[in-house]
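Asks: Shown below is the structure under consideration.
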Amino acid sequence: MILTPLSSFGQRLRLFAALSFAALSLTACAYHSAGNVGSGSSIDNPVERKFTWFSYLDAADIRNSCAAGGPDQYRLVYNGQYDHHVRTYEVTSAPTRQIVARARGTSGDITQMGFNSFDELLGPWNFRRSQTALSEADWTKLRDLLHESGFAAGSQAGLRLHSQDFYWLAAGCEGGKFFFNAWADKPRALSLTHTKFLDFLLRHDGTGLAYVPPRPVTYMDKNEQSKGTDRDYSGAFVITVHEDGIGRAGL
């Protein structure tokens, strides 16, 4: 299918919004992994991701499948101000040890838009993706770095995270036990200066998109996104960390 270039950015956004609305009848709001981590994931499609992102962060698919004797797996998500930078890492031990990295820069950057196919039209919202095999030593190293960073440190229930904040979320099943934790520059959160797993993840990240480090977030940062922009048609959001996942709160 060949798509005719649209005459304005506003028209492009309206088309994308229409596609998103149509997806409501095709996909449920709950994220479901495709069994093999990194294969067929609904977050690879930006239309579906619009409706499954919070479920993906909640990691119910990992939590519900976590059982004694089952495979260990981890999901790590970096929010570097949601409309500017997002990274995710899916790490699994079965059927093989591997890490699937995804990264996105500024959402809605029309310089990434093409018109020759549906995938190119969605370019401004697409993730870059890479898949890397892990050795047994790699797996052990990452697990140790996660624990040194506080992965199993306990509940942070009540922690609120704004879409314009910088934070990491980590969920995982290890030895049949589910863990969920957050790193942010906030009370209750683990410190962003103690993400000892970061260098390991970036070394095994073939997306080619540079990591954007945390910086102080101002009132204006949050106020500007709350108004909504052409780049972020969905507006701002807040999530609340619970003992075993997240909930979404209004602004």
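Just so you know, all these numbers are worked out from the coordinates, no wet-lab data involved. Nothing here was measured: the structure is a model prediction, and the numbers come from that model. Cβ placement follows ideal geometry from the backbone for every residue including glycine, while neighbour counts extend to all protein chains displayed.
Asks: Check the straight Cα-Cα distances from Lys196 and name the lysines below 17 Å, setting aside those fewer than 8 residues away within the same chain.
Replies: Lys141
Asks: Report the gain in length on full extension from Tyr211 to His242: 0.36 nm times residue separation, minus Cα-Cα distance, nm rounded to one decimal. Don't skip to the end; give the middle numbers.
Replies: On the way: separation 31, 0.36 × 31 = 11.16 nm, distance 2.72 nm.
Gain on extension, Tyr211 to His242, equals 8.4 nm.
Asks: Give me the distance in nm between label points sitting 7 Å out from Cα along the Cα-to-Cβ direction at Glu148 and Ser65, one decimal.
Replies: The two pseudo-label positions are separated by 2.9 nm.
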